[in-house]
Amino acid sequence: MASLTRRAGRLFGAMAALAGSFLLAMSSFAADPRPPEQLACGEQSADRRPRGGFAAAVVRNAPAVVQVVVIRGARDPMEETEGFEFFQPLAGLPLPGYADGALERTFSSGFVIDPKGYVLASAHAVFDAHEVWVLLADGRRLGASVEGLDRRTDVALLKVEADGLPSVRLAAPPRICPGAWLAALGTPFGFERTVTAGVVSAYPRFLPGTTMPLIQSDVALNPGSSGGPLFNADGTVVGMSSMIFSGSGIYIGVSFALPIEEVMRVVDGIRKTGSVRRGDIGLKTQALDRELALAFGLAEAGGALVVRIEPGGAADGAGIRRGDVVLSLDGMPADHSRIEQGIAAAQPGSTLLLRVWRDQSARQVRVTVGLARQDMPPPQRKRPAASQARLGLALAPALVTAGMPAGVYVEGATGESLLAGIERGDRIVAVNGTAVETMAEFDAALRSANPRPVVALLLMRGNVAVYVPVQRQGGQP
């Protein structure tokens, strides 16, 4: 994730200059007319705000919501992210705990969709993980494997070795009506099972570079919320929290979620083959508004304007050029989003018939569909081995000359101590209730704690005292 502070300064400095052109660009991905299944949105239904709020729906869903904790190599804080920079994936914030700057611990949200241990999460949160852990609502911490992921839709499927887990109820198909009340559960800024509520602002909403219809709402989401469930008044999950519109990286009133029906299509592909198969012909398009239509000699808006052609791709081989306007797909008039959706949904090896506008005339072009690049999660690497002599902690005694309070100080954390969230600068004052002020006292207290699988360390972080449980290597919590 890019440095939010640096990006925020650059973005806000340019906001005034960008405002006019940005609002014009926004019109190119306005909400589409309602599909047929939305025609009943005006009817009274369970989508209206329930009397007493979402309390019953939260009670139903909260046991299935989990926190996803990832150990990964520390990322470059100056690294830029790709894509349209005002749309921020809700990446988990780094949590305390670094090993000489080599590793970091981050978190996001997830929810159980199958009692046999299948968990939905965000792809960006787990993509390059060394390890993935799932913290259940009942307090258990389970190691998770990444069964598959799809960065194009930001969906990942995790598996934990457990059975009989509480799971959510999924809408099939969901009815998502602008103005209907929804609530979200997640872990914003590390606050587990936080509930926020709002209304659907628009659906479907298509953003630049995406083909999946998104649920736009004013439900408050923040870093750490990504991967959590979005549900209606009766507790049925209709979406998965994904991103926000923001120049600062925090919520300013506009958030987006993936419709659960689309998410489960991705999940079905992952469970069958380990990846998602999509059609691709090697072209990118944008929406064609009225002014662009006039510039290209068309009387009205519609279709998709080709902005990029992949050299050597199927579209290139079929003679499609940048600046062409695709008017229809297989004989059906379609706009930009539906044309790109249709291409992605086509079977590799099949043929698509495109009606293309060029040089004041329309022509038919047949294109053979190829296979889009598939996202395969990199192998989960084990974090570097940590010395377990002191629970993976690098420690130092208090410096009398510096006037530091008595105790043992943490210089670095690896292994289970890193996962527990212990960070550089913490002062250890007790081990399992035994006070310690020197390294020798710490080692003696640790030896006396054997053979307990978990050791409780009393830490002072600033003026705050807190016990932190640290699991011994090979122990079971």
Sparsely packed chymotrypsin sites (Phe, Trp or Tyr not before Pro) within the range 177-267, loop by DSSP, other Cβ within 10 Å at most 12: Phe191
Hz values of 3J(HN,Hα) by residue in the range 184-191 - Karplus curve (6.51, -1.76, 1.60), Gly and Pro given as x: 10, 10, x, 10, x, 6, x, 7
Size of electric dipole in the range 212-276: Cβ of Lys, Arg +1 and of Asp, Glu -1, about Cα centre, debye, nearest 20: 240
Asp138-Met404 FRET efficiency (beta carbon distance; Förster radius 56 Å; 0.05 resolution): 0.90
Near-label residues of the range 408-438 by backbone N, under 16 Å of a point 7 Å along Cα→Cβ of Ala456: 429-436
Qualifying trypsin sites (Lys or Arg not before Pro) for the range 119-200 [loop in DSSP, other Cβ within 10 Å: at most 13]: Arg140
Dimensions (Å) - the range 215-333, Cα atoms, principal axes, largest first: 48, 39, 28
The range 150-197 - Debye-derived log10 I(q)/I(0), Cα point model, q = 0.23 Å⁻¹: -1.30
Length added when fully stretched, Arg321-Glu437, from 0.36 nm per residue minus Cα-Cα: 34.4 nm
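Residue separation times 0.36 nm, minus the C-alpha to C-alpha distance between Ser350 and Tyr467: what's the value?
My answer for the length gained is 36.1 nm.
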Dimensionless Rg ratio for the range 282-378, taking C-alpha atoms and the 2.2 N^0.38 Å reference: 1.07
Sparsely packed GluC sites (Glu not before Pro) within the range 265-342, loop by DSSP, other Cβ within 10 Å at most 12: Glu300
Rg/Rg_ref, the range 181-275, where Rg_ref = 2.2 N^0.38 Å and atoms are Cα: 1.06
Size descriptor, Kirkwood hydrodynamic radius, that averages inverse alpha-carbon separations across the range 409-453, Å: 11.3
Per-residue ³J(HN,Hα) for the range 413-428, Karplus 6.51 cos²θ - 1.76 cosθ + 1.60, θ = phi - 60°, Hz, x for Gly and Pro: 10, 9, x, 5, 5, 5, 5, 6, x, 6, 10, 4, x, 5, 10, 8
Accessible area expressed per residue, the range 120-204, with surrounding protein chains retained (probe 1.4 Å, Å²): 36
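The values are calculated or read from the model by the stated rules, or taken from the named source; none is laboratory data. Bear in mind that the values here come from a model prediction, so they are computed numbers and not experimental data. As a convention, Cβ positions derive from the backbone with ideal geometry for all residues, glycine included, and neighbour counts pool all protein chains shown. Quick note on the areas: whole protein, heavy atoms, side chains included, nothing else; ligands and nucleic acids left out. Shrake-Rupley method; radii C 1.70, N 1.55, O 1.52, S 1.80 Å.
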